1. Residue check: is residue 10 out of contact with any helix residue (DSSP H, G or I) (no Cβ under 9 Å at 6 or more places or on another chain) and either in contact (Cβ under 8 Å) with a residue 24 or more places away in the chain or not in a strand (DSSP E or B) (or both)?
2. Where the second residue is modelled with pLDDT of 95 or more and loosely packed, with under 11 Cβ neighbours inside 10 Å and the first is at positive phi and in a loop (DSSP other than H, G, I, E, B) and lies in segment 72-96, which pairs have Cβ atoms under 9 Å and are six or more apart or on separate chains?
3. Scan (1) within 17 Å of residue 86 (Cβ to Cβ); (2) at pLDDT below 90; (3) touching a strand residue (DSSP E or B) at 6+ places or on another chain (Cβ under 7 Å) for the single condition residue 45 breaks and write down its number.
4. Please specify each residue of segment 61-71 satisfying the condition of being assigned to a helix (DSSP H, G or I) and touching a strand residue (DSSP E or B) at 6+ places or on another chain (Cβ under 9 Å).
5. Since residue 62 meets every condition but one in (1) in contact (Cβ under 8 Å) with a residue 24 or more places away in the chain; (2) touching a helix residue (DSSP H, G or I) at 6+ places or on another chain (Cβ under 6 Å), which condition does it not meet?
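The values are calculated or read from the model by the stated rules, or taken from the named source; none is laboratory data. Predicted, not measured: the structure shown is a model, and the values here were computed from it. Neighbour counts are summed over all protein chains in view; Cβ atoms, including those assigned to glycine, are modelled from backbone coordinates with ideal geometry.
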C-alpha cells in the first residue's frame with residue numbers, strides 16, 4: 001500500500017502483512033480470520049478462527065492486537081464470496 005493523505009495528513013503503512021491471511025467481515029456481523037483462498041465464487045478459510053467478541057477497544061485495535069478480543073478456533077470455513085463485506089490482510093499467525 002502506498003502512503004495516503006487524509007485531511008492533509010500523510011499516513012504510511014507500518015507493517016505490510018505477507019501471505020494470504022486476512023480478517024474477513026461477512027454479512028450478518030460475523031467476523032472470521034484465516035488463510036484465504038478464493039475460487040469459483042467461494043471463500044475458503046483454513047487455519048480459521050472466529051472473532052467472537054471484544055469489549056474494551058474498537059475494531060481497529062483488535063486487528064492491531066488480537067489478544068484484545070475473544071477469538072475462538074473453528075473448523076475451516078467456506079462462504080459465498082458475495083457475503084464478504086470487507087477484508088483486512090494480517091500477519092500469518094494472526095489470532096492463532
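1. Against the criterion (out of contact with any helix residue (DSSP H, G or I) (no Cβ under 9 Å at 6 or more places or on another chain) and either in contact (Cβ under 8 Å) with a residue 24 or more places away in the chain or not in a strand (DSSP E or B) (or both)), residue 10 does not qualify.
2. 95/73
3. Going through (1) within 17 Å of residue 86 (Cβ to Cβ); (2) at pLDDT below 90; (3) touching a strand residue (DSSP E or B) at 6+ places or on another chain (Cβ under 7 Å) one by one, residue 45 breaks only (2).
4. From segment 61-71, those assigned to a helix (DSSP H, G or I) are 61-64, 66-68; that's our starting set.
Within segment 61-71, 62, 63, 66 meet the criteria.
5. Residue 62 satisfies every listed condition except (1).
Yes or no, residue by residue, for (1) surrounded by fewer than 11 Cβ atoms within 10 Å (Cβ to Cβ); (2) under 16 Å from residue 88 (Cα atoms); (3) under 14 Å from the mean Cα position of the chain (by Cα):
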residue: 2; (1), (2), (3): yes, yes, no
residue: 10; (1), (2), (3): yes, no, no
residue: 21; (1), (2), (3): no, yes, yes
residue: 35; (1), (2), (3): no, yes, yes
residue: 40; (1), (2), (3): yes, no, no
residue: 49; (1), (2), (3): no, yes, yes
residue: 55; (1), (2), (3): yes, no, no
